[in-house]
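One structure below.
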Amino acid sequence: MAGPAMLLLVVLAFTGYRMMHKPHEPPRDFTDLELSLPGEDGSCYALGTTLVANGLFGQTPRTWKSTGENEWQLTVERLIQAYNGPAREFSTWTFEKHGKAVELTKVESSEGRPQEPRAALDELLRAPNAYHSTPVDRCKDPGTTGYHFKRK
């Protein structure tokens, strides 16, 4: 009798733990939205596609943090070899959901990294453009444009 009761207790404890903790990364319906700048046309690439193209779902240390109902921050850190020894390089991007897009609204970075959303987005979009990553559905039609979008 102690076995089933113990199993039930473990299941209830795990369920309670999962319900009380916030997710550690944004939901898929957030990362599937088109990446953009506030008030601009979209980039033609989903946030998730852009991050994958940049290798940010690989071994790169990254931390997601929810900062609002429709807002997430992503911090990416790298240890680079500098002249005076190892140095920390980081970028923190704030993404806000607006309609059918995720807008890059704020950037905080170490020296030598893009400091403004436009410059950071320019850098983020180099990889999906170079790899001709799959665009969002809106951009599959001929003649559709997007921020720095390059057709195959």
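Packing, taken as the mean count of other beta carbons within 10 Å per residue, orders the peptides 81-88, 139-146, 127-134 from highest to lowest as 127-134, 139-146, 81-88. Converting phi to 3J(HN,Hα) with the Karplus coefficients 6.51, -1.76 and 1.60 and the offset θ = phi - 60°, the stretch 133-139 yields 4, 5, x, 5, 3, 4, 9 Hz in sequence order, with x at every glycine or proline.
GluC sites (Glu not before Pro) within the stretch 78-117: which are DSSP loop residues with at most 12 other Cβ atoms inside 10 Å? Show your work: numbers first, answer last.
On the way: sites: GLU89, GLU96, GLU103, GLU108, GLU111; in loops: GLU111.
The qualifying sites are GLU111.
Classified by the C-alpha gyration tensor, the stretch 24-139 has a prolate form. Its axis ratio a/c, with a ≥ b ≥ c, is 1.5 or above, and a/b is larger than b/c.
Treat every Asp and Glu Cβ in the stretch 24-139 as -1 and every Lys and Arg Cβ as +1, leave all other atoms uncharged, and give the resulting dipole magnitude about the Cα centre to the nearest 20 debye.
Working: 12 positive and 18 negative charges, 64 e Å.
Computed about the Cα centre, the dipole is about 300 debye.
Projecting the Cα atoms of CYS44, TRP64, THR31 onto the dipole axis of the stretch 29-75, where Lys and Arg carry +1 and Asp and Glu carry -1 at the beta carbon, places TRP64 farthest toward the positive end. Applying 0.36 nm per residue to the separation of LYS150 and GLU25 and subtracting their alpha-carbon distance, the gain on full extension is 42.1 nm. Taking a cut-off of 17 Å between Cα atoms, list the aspartates and glutamates near LYS65, but don't count ones fewer than 8 places away on the same chain. The qualifying aspartates and glutamates are GLU25, ASP29, GLU77, GLU96, GLU103, GLU108. Here the label points at ASP137 and GLU116, each 7 Å from Cα along the C-beta direction, are separated by 3.5 nm in the simple model.
No value in this document is a laboratory result; all are computed from the given coordinates. Nothing here was measured: the structure is a model prediction, and the numbers come from that model. Heads up, the Cβs are rebuilt from the backbone with ideal geometry, glycines too, and the neighbour counts pull from every protein chain shown.
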